[in-house]
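The values are calculated or read from the model by the stated rules, or taken from the named source; none is laboratory data. Just so it is clear, the structure is predicted and the values come from calculations on it, not from any experiment. Here the Cβ is made from the backbone with ideal geometry for all residues, glycine too, and neighbour counts use every protein chain on show.
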Amino acid sequence: MNVKISNYCVATSSRTSSRQSGIALIEVLVAVLILAIGLLGMASMQGLSSQMTNAAEQRTQAVLLSSDIMDRIRSNRNNRAQYDDLEVSFQDTQCVPDYQPNNGQSVSENDIEEWANLVVCLLPEGTAVVDVDNVTGEVDVTIDWEKRDPDDAPVNLRTVI
């Protein structure tokens, strides 16, 4: 193709435009590659965020369960010795989603059964230990469960009742 500017004639070659089209195609491919890597990174972050949310929910449940048993002991202070050496394990306790307290049992027995049921229902492979020092009134509650990161510490709360 010839283009005439004033009295000069400038020739353009078809080779130059086809070479330019190849470079543009490579630029598009590089842009698509960068976009794909970015999208994969975002998907990975979304998955990690979901896992961390689940771990935070389980830890929150463990803290709430620890506070729950401490409140039960505090409200039944005269019988706190019955809560001593309480051990709950998912291997020994079945989860009963519609648990109902037994009217023939004492308050502490119902508290222990209901709380043990909550531990195994709300936490995967949940285990718990409650130690009550009847002399000082100190209560230690330790709750553990199967966590994504085995190095995470169990929830351990201590109070004096």
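Descriptive notes on the structure:
- Restricting the stretch 121-161 to residues that are in contact with a Leu (Cβ under 9 Å, 6 or more places away or on another chain) and small (Gly, Ala, Ser), the residue that is surrounded by the fewest Cβ atoms within 10 Å (Cβ to Cβ): GLY126
- Pairs with Cβ under 7 Å, 6+ apart, first in the stretch 44-60 and without any contact (Cβ under 8 Å) to a residue 12 or more places away in the chain and over 17 Å from PRO154 (Cβ atoms), second in a helix (DSSP H, G or I) and of a type in the set (A, V, I, L, M): none
- Strands (runs of 3 or more DSSP E) wholly inside the stretch 59-161 containing at least 2 residues that are of a type in the set (A, V, I, L, M), closer than 30 Å to LEU48 by Cα and at pLDDT below 90: 155-160
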